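Novice: Let me give you the structure first, and then I'll get to my questions.
Nothing in this text is a laboratory measurement; each read-out follows from the coordinates by a stated rule. Treat the numbers as computed from the prediction; the structure is a model and nothing was measured. Methodologically, a virtual Cβ is constructed for each residue, glycine included, from the backbone with ideal geometry; neighbour enumeration extends over all protein chains shown.
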Amino acid sequence: MSKVLDIFSRLQAAQQKYQPVHFELSEPEINQYAAHALRVTQRPGLRPVSVKVFPTNYISTFTLLDFDAVERWKPGTIPTLLKPVLSGQKSIWVDFRFQASQGRATFTVEKAYFQDIRLPAFFVQKLIEAVAARQPEHYDASKPLPLPFGLQKIWTTGHVLSGEN
């Protein structure tokens with residue numbers, strides 16, 4: 001976790017005057033930081049998050065999502081057909097591919113599952129948008145998302161996430 005905090009510190013300092021910063025984070029470092037970050041700043045609707053990193057900007061996530069909260073925040077988000085199984089807190093697996101350059105990131109849901117039930121990508125996108133809007137930063141996940149700390153580009157290779165300002 002200290003590596004991630006050091007990267008944040010270097011990126012913040014680089015914003016004051018241009019200093020190039022390049023970093024690489026392994027899956028264990030990402031997951032350790034994610035666990036720490038969720039303890040420090042609770043995220044409405046989310047609990048533990050586990051991340052796997054693959055080449056060509058492909059990320060696989062496994063998280064506990066509060067479907068009842070999502071439905072309260074944005075009624076009608078959960079399709080009637082899925083409401084019997086997607087209620088309360090349930091773990092879901094979501095794979096997505098992202099594109100990130102010029103300080104902005106977009107993503108597409110590649111596939112998602114609850115247990116052995118495949119969830120439609122458009123539905124998962126709506127879930128992500130509802131949860132993102134409730135975060136302290138009030139993200140609008142339907143639009144390109146700003147990268148933090150002056151980052152201009154992020155990408156994946158193997159099981160590593162890299163970035164630079």
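Novice: If you build the Cα gyration tensor of region 24-69 and take the root of 5 times each eigenvalue, what three semi-axes come out, in whole angstrom, biggest first?
Specialist: 21, 14, 7
Novice: If each of residue 72 and residue 89 carries a label point 7 Å out from its Cα toward its Cβ, how far apart are those two points in nm?
Specialist: Here the modelled spin labels are 1.3 nm apart.
Novice: Given a cut-off of under 8 Å on Cα pairs at least six residues apart, what relative contact order in percent is computed for region 1-72?
Specialist: Across region 1-72, relative contact order equals 23 percent.
Novice: Further, regarding this structure: Any idea what % of Cα-Cα pairs in region 104-148 are farther than 18 Å?
Specialist: On the way: 324 of 990 pairs.
Tail of P(r) above 18 Å: 33 percent of Cα pairs.
Novice: Pull up the cross-link candidates among the aspartates and glutamates for residue 111, meaning alpha carbon to alpha carbon under 14 Å and not fewer than 8 places away within one chain.
Specialist: 95
Novice: Sticking with this one: Which value in nm describes the separation of the simple spin-label points at residue 104 and residue 149, placed 7 Å from the Cα toward the beta carbon?
Specialist: In this crude label model, residue 104 to residue 149 measures out at 2.3 nm.
Novice: May I pose another question? Using a cut-off of 28 Å between alpha-carbon atoms, which lysines can reach residue 17, once sequence neighbours fewer than 8 places away in the same chain are excluded?
Specialist: List returned: 3, 153.
Novice: Sticking with this one: Once label points are set 7 Å from the Cα along Cα→Cβ at both residue 22 and residue 35, what is their separation, rounded to one decimal in nm?
Specialist: 3.1
Novice: Using Cα-Cα distances under 8 Å and only pairs 6 or more residues apart, what relative contact order does the chain have, in percent?
Specialist: Once normalised by length, the contact order is 26 percent.
Novice: For region 2-164, build the convex hull from the C-alpha positions and give me its volume per residue in Å³.
Specialist: Roughly 112 Å³ of hull volume per residue.
Novice: Related question: How high is the FRET efficiency between residue 10 and residue 81 when r is their beta carbon distance and R₀ equals 35 Å, given to the nearest 0.05?
Specialist: 0.15
Novice: What size of dipole, in debye to the nearest 20, comes out for the chain about its Cα centre when the only charges are +1 on Lys and Arg C-beta atoms and -1 on Asp and Glu C-beta atoms?
Specialist: Value, rounded to 20: 240 debye.
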